[in-house]
Amino acid sequence: MKQNRHRILLIEPPFYRLFKDTYSLDRYPLSLGYLAGTIHKETDWEVLVYNADFCSQSESMSVGYVANTGYSNYLNNLKDLSMPVWSEIKSTILDFKPDVIGITTKSQNFKSVCIVARLAKEINKDIAVIVGGPHPSMTGSDIFKCAEFDVSVIGEGEDVIVELLNTIAARENFHNIRGIIYRENGKTVETSPREYIKDLDSLCFPHESAPEVLKDYDQYPRTAFRNIFTIRGCPYNCLFCGSYKIWSRKSRFRSPENVVREIKHLQNRGLKLVHFDDDTFGVSKKHIHELCNAIKEHCPGLKWSSEIHVKLVDDQTISIMKASGCYSIQIGIESGNNEILKQMRKSTTIEEALAACAIIHKHGIELKTFFIVGFPQETEDTLSDTVAAMRKIKCNLLTYSIFTPYPGTDSFELCKEYGLIDDSYDVSLYNHQSPANCFCKNIEKKRFRMLVSKIEKMVDRKNSLDRIKRIFSINTVGRIQELGVRKSLQKGIRIFIGK
């Protein structure tokens, strides 16, 4: 390392590892990848990306474990700073000796971010701590209740971080940098908003610089680098979502040509699968069709997955996606009750969602579904409707969440209005599988916990059975037939795998 260069350490703070050290965010965080690539290209700063939530020997997460033993571990790890994960973070800071630390911050890991910032300041009080990501953009100056933060970036960070680093290197003040909040003489100063990046094709490919900037790059599985953004901004208006405060509601698209260039770069590195990590892939059918045609023409052999909105699903669109290599789709169903869906502002019905799932299933594409339970207006009857939908739906993975009101969202304000949240609300206690979650005005907390415990067990059983089904595929039955195994055994296996 050249000793005369300024250094910035970009950190993904631990969250999953706090539940169990072998739980892991085993992917390259795209937000940090974009920042690191931009810094690498536009400045002379030395940059290191450190995913403190990564474990090279990771295991699959169990909903039941996370909600019980895992949650106890999580709380203990937030209190006991002698635990291995915090020692690892301190060692990384000590070894790299950064002038600046940038931490990506979500609501669920905010407490962890505060601890990382505290550890950094204990090591060197002159380290500048910059925070960015969803939580600062949604909560504004409230985050400065954490005394160790120096600067907060609001919204997109690529252009801001370059200006910040150049200003820090020149030892100038931050007055003219738009899109930040910072401390000055004991007070917080908020600058004017920054416009959104108009040309997304101008952004770097985040994975391109990963071999040079990512700590422990060689320990990551190849699949850690398969995620791609094609869109920023979501036009939908879900009550529980705050992404519009980061990206806006106006969708901005990368050109199909630019996306294809990134895919080809990943293919050249040996990637055969990619995942489009957009909040909602495509947003418009026109864009989906154009991108799929480009992929089909220029990226032969590629397999890819994405999330898609119920409203975009029809036979033609799914057929085009399948023809271009789409093998897996995620879809947000959220609730099995139409009144709850209306309260969520989902703009869909359960009937539409199930019809969309049937189309995806008909085209032979793997299906993963998202459900949320415990919305403020939830009753035992509406909860039963959701459980019935979970049981009914044919999917390869069912992702279950307990409703969590994140600061800055409309749902957070709704919970305050209902008296479900007061000034003592501690965001670190609540996440999508937290046993502390209960924000239903119609179900008593103890009763709610009993009901969702049953749901958690059902979800784990369903997901385990789906994994078994993939192992005991129809090809297994065929091989058994070739070996002349008794017909009764064949029939038993067919029943077991649901054929």
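Annotations for the structure displayed:
- Karplus-derived HN-Hα couplings along segment 9-14 (A = 6.51, B = -1.76, C = 1.60, θ = phi - 60°), whole Hz, x at Gly and Pro: 10, 9, 10, 8, x, x
- Helix axis angle, 69-79 relative to the chain longest principal axis, alpha carbon, degrees: 0 degrees
- Over the residues of the chain, the helix contribution to mean residue ellipticity at 222 nm works out to -12500 deg cm²/dmol, using -39500 (n - 2.57) for each DSSP H run of at least 4.
- Each of the peptides 327-333, 423-429 was scored by the mean count of other Cβ atoms within 10 Å over its residues; in descending order, highest first, they stand as 327-333, 423-429.
- Cα long-axis angle, helix 30-42 against the chain (0 to 90 degrees, to the nearest 10): 40 degrees
- Amide hydrogen proximity for residue 229: with H placed 1.01 Å from N in the peptide plane, the residues at 5 or more positions away or on another chain lying under 5 Å are 277.
- Net dipole in debye of segment 62-163 [+1 Lys, Arg Cβ; -1 Asp, Glu Cβ; about Cα centre; nearest 20]: 520 debye
- The lysine pair count for segment 20-126, using Cα distances under 23 Å and pairs eight or more places apart or on different chains, is 19.
- Within the chain: Cβ-based charge dipole about Cα centre, in debye rounded to nearest 20 (Lys, Arg +1; Asp, Glu -1): 2040 debye
- Accessible solvent surface per residue of the chain, calculated while the other protein chains remain in place, 1.4 angstrom probe, Å²: 45 Å²
- Amide H within-cut-off set for residue 274, under 5 Å, with H built and near neighbours excluded: 303, 304, 305
- Taking amide H positions as modeled 1.01 Å from N, with prolines and chain starts lacking one, the residues under 5 Å from residue 102 and 5 or more places away or on another chain are 9, 10, 11, 130.
- ³J(HN,Hα), Karplus 6.51/-1.76/1.60, whole Hz, each residue of segment 136-142, x for Gly, Pro: x, 5, 8, 10, x, 6, 4
- Around residue 296: net Lys/Arg minus Asp/Glu count, Cβ-Cβ under 15 Å: 0
- Between the listed residues 115, 169, 151, the Cα displaced farthest toward the positive end of the dipole of segment 106-191, a dipole computed from Cβ unit charges relative to the Cα centre, is found at 115.
- Order by protection proxy (mean Cβ within 10 Å, highest first), peptides 163-174, 17-28: 17-28, 163-174
- Accessible surface of segment 37-153, 1.4 Å probe, proportion on carbon and sulfur as whole %: 48 percent
- Applied to segment 17-25, the Karplus parametrisation 6.51 cos²θ - 1.76 cosθ + 1.60 on θ = phi - 60° returns per-residue 3J(HN,Hα) values of 5, 6, 7, 6, 5, 9, 7, 7, 8 Hz, with x for Gly and Pro.
- Radius 15 Å from Cβ of residue 138, net charge of other residues (Lys, Arg +1; Asp, Glu -1): -1
- Shown for segment 212-368: the carbon plus sulfur share of the solvent-accessible area, taken with all protein chains present and a 1.4 angstrom probe, equals 50%.
- Charges were assigned to the Cβ only: +1 to each Lys and Arg, -1 to each Asp and Glu. The resulting dipole of segment 174-252 about its Cα centre is roughly 440 debye.
- Compared with the dominant Cα axis of the chain, that is its longest principal axis, helix 487-497 is turned about 40°.
- Selection of trypsin sites (Lys or Arg not before Pro), segment 318-427, meeting DSSP coil and at most 16 other Cβ within 10 Å: 345, 394
- At most 11 other Cβ within 10 Å, DSSP loop - trypsin sites (Lys or Arg not before Pro), segment 179-234: 198
- Segment 293-422: radius of gyration over Cα atoms, expressed as a fraction of 2.2 N^0.38 Å: 1.21
The values are calculated or read from the model by the stated rules, or taken from the named source; none is laboratory data. Given the structure is predicted, the values throughout are model-derived calculations rather than measurements. Neighbour counts run over all protein chains shown; Cβ positions are idealised from the backbone, glycine included. Side chains are part of the model used for accessible areas, which takes the heavy atoms of the whole protein and leaves out ligands, DNA and RNA. Shrake-Rupley method; radii C 1.70, N 1.55, O 1.52, S 1.80 Å.
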